[in-house]
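None of the figures in this text is laboratory data; all of them are computed from the coordinates on show. The model shown is predicted, which means the values in this text are computed figures rather than measured ones. In this analysis, Cβ positions are derived from the backbone assuming ideal geometry, glycine residues included, and neighbour counts consider all displayed protein chains.
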Amino acid sequence: MTDPTGGAEASNPASALHIAMIGTRGVPAAYGGFETAVEEIGRRLVDRGHAVTVYCRPGSPGPGPAPTEHLGMRLVHLPAIHLKVCETLSHTALSVAHVATHRRPDAAFVFNAANAPFVPLLRQHGIPTTVHVDGLEWKRDKWGGTARRYYRWAEQQSVRTADALIADAQGIVDYYRDEFAIPTELISYGTRLLHAPASDRLAELGLAPNGYHLVVARFEPENHVDVIIEGFLRSSSRLPLVVVGSAPYSGAHGRRIAALAADPRVRLIGGLWDQDQLDQLYAHSVSYLHGHSVGGTNPSLLRAMGARTAAIAWDVVFNREVLGVYGAYFRDSATLASLIEDAEFNPHHTQEVGAALQRRAGDMYNWGHVTDSYEDLARRLVAGYSTHGVSAGRTGRSPLHRPEPAHRPVFVRGSL
């Protein structure tokens, strides 16, 4: 059976693999990058005849007990310490222990370079292991000096211990090539293209099509939700700003966002698990405002593109790689205010930009093709492929190794 999103045909059952996915919050996904990838890739691997086990943290959406199966994937729910410095590591430690004491998978995909200390245990049990390194975690503002040093160490540990590395953006591939002299698998994310999407679920939120601007993000400093709200409030927008997301940990940043959102023009609606309603929010917003700065290719940005929505993004190499000349870019609230006004008061141009971005998404970001790459890598790992031992360690030659220059105003709108 052919994958309708452009992937390969279903695998021969005789060659089916058992694949473990470790290190994320798990599925069902809300709007997290790794979680979306695990759901979309895992479900397609299952459709191709493979067995997929996903390790999940507590807090699954919806009433009742946590599900043990989702879209054909087997879910294993294990606890975690709910502190930002150890939630990921504590959960991954238990997940790897579970893998080591139960049926051995043919291959494991470990998400987040922070989980590198557990890769040797998987390999000791004969499990070929790939680390999806994500973005440059040590650049995230939320981390203090000790955590940043840990992430720098974990990058190198991933390079030295994994059988393969995955990066979702060319900028990350270039970083690992220059910094560690090691090849990295470039496998980006995909998205769904929404054509003539319904709008009936907007009324539940008191919204109407083309009647708001949208941001979808966890409230973490490197996602710049505070800067987005400031920019919106500085604009002359006549429409509200809808903010989907919440603070995973309480703190000063979350309180700052709450204070800014006291303005009636800003609507905080919290986390949103209903994917149909979330699709409608993306598809019918005037613009999607994206402040993520360190995470490589972001599925939320791709989702906006697939929904035919004009995107205004934080000016970093990863977002420029995704949006190309059709993106609008900012690094301060004043620039963003002008871009919001441009999007709202020039609707014909904004609609043309959204259409161009959807075409770009269809050409470049296809979940079927992404799944092809994961399946191919898993088969190569099982056959003996490995980059283990290739790199001698950090070289310090990557330009991303150095601090970023001071923020500067950027006002860019690609021509159509």
Highest-MSF residue in the chain out of GLN157, GLN358, GLN275 [GNM, Cα springs under 10 Å]: GLN275
May I ask for the angle, rounded to the nearest 10°, between helix 367-382 and the longest principal axis of the chain, with both axes built from Cα atoms and the value confined to 0 to 90°? 20 degrees
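R0 = 22 Å: FRET efficiency of HIS349 with ARG320, Cβ-based, nearest 0.05?
Working: r = 20 Å, r/R0 = 0.89.
Approximately 0.65, to the nearest 0.05.
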Which far-off residues, 5 or more places away or on another chain, put their amide H under 5 Å from the one on LEU194, with H placed in the peptide plane? ALA307, ARG308
Using unit Cβ charges (K, R positive; D, E negative) and no other charged atoms, how large, in debye to the nearest 20, is the dipole of the stretch 200-364 about its Cα centre? 120 debye
Taking 0.36 nm per residue of separation between GLN124 and ALA259 and subtracting their Cα-Cα distance, the length gained on full extension comes to 43.6 nm
Ratio of the Cα radius of gyration of the chain to 2.2 N^0.38 Å, where N counts its residues: 0.96
Take peptides 238-244, 113-119 and line them up by average Cβ neighbours within 10 Å, highest first, as a rough protection proxy. 113-119, 238-244
Prolate/oblate/rounded label for the stretch 200-364 (Cα gyration tensor, a/c 1.5): rounded
Just want the answer: with Cβ charges of +1 for Lys and Arg and -1 for Asp and Glu, which residue in ASN115, ALA355, ILE257 is farthest toward the dipole's positive end in the chain? ASN115
Run lengths n ≥ 4 of DSSP H only: what is the helix-derived mean residue ellipticity at 222 nm for the chain, with -39500 (n - 2.57) per run over all residues, to the nearest 500? -11500 deg cm²/dmol
Using a 7 Å offset from the Cα along the Cα-to-Cβ direction at both ALA66 and ALA203, what is the distance between the two label points in nm, to one decimal? 3.8 nm
